[in-house]
Amino acid sequence: MIRPNRTPNRVLSTTYVLLSTGILVVAVPRLPRLSVNIDGVFAFFWIAFALVVLGANLWFALAADRERRLLTTMKARRKRTSDTSDDDRRTIGERLLR
């Protein structure tokens, strides 16, 4: 089975961030004012959901999940090998900066 080339997740997430920002810019002025009636509640939840979508895609576009995984694996390695030399610690710091 031949798999098609997939666009990297980072590129897709960046595209989704731009699209969701555009939708927010266009749609928010057209939403009803926030009030206690059903229209205002709908507008509030629509904006909240759009911000969640925007935040999640921004999270993946900035590759924050990869950095988080790297930090957790580095902490686990530090626990396993408590006698690392200064050179090892320097290389760990250099990996985090990449």
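Worth a mention:
- Placing one equal scatterer on every Cα of the stretch 7-62 and applying the Debye formula, the log10 ratio I(q)/I(0) at q = 0.30, 0.31 Å⁻¹ is -1.09, -1.13.
- Note on L62 and W46: the model spin-label points, each 7 Å out from Cα along the C-beta direction, lie 2.8 nm apart.
- Applying 1/(1 + (r/R0)^6) with r as the Cβ-Cβ distance of L70 and T21 and R0 = 22 angstrom yields a FRET efficiency of 0.20.
- For the pair L12 and S35, a Förster radius of 35 Å applied to the C-beta separation gives a FRET efficiency near 0.45, rounded to the nearest 0.05.
FYI, it's all coordinate maths here, none of it is from the lab. All values reported here derive from a predicted model rather than from experimental measurement. Because the Cβ atoms are built from the backbone with ideal geometry, glycine has one as well, and the counts that use them run over all protein chains shown.
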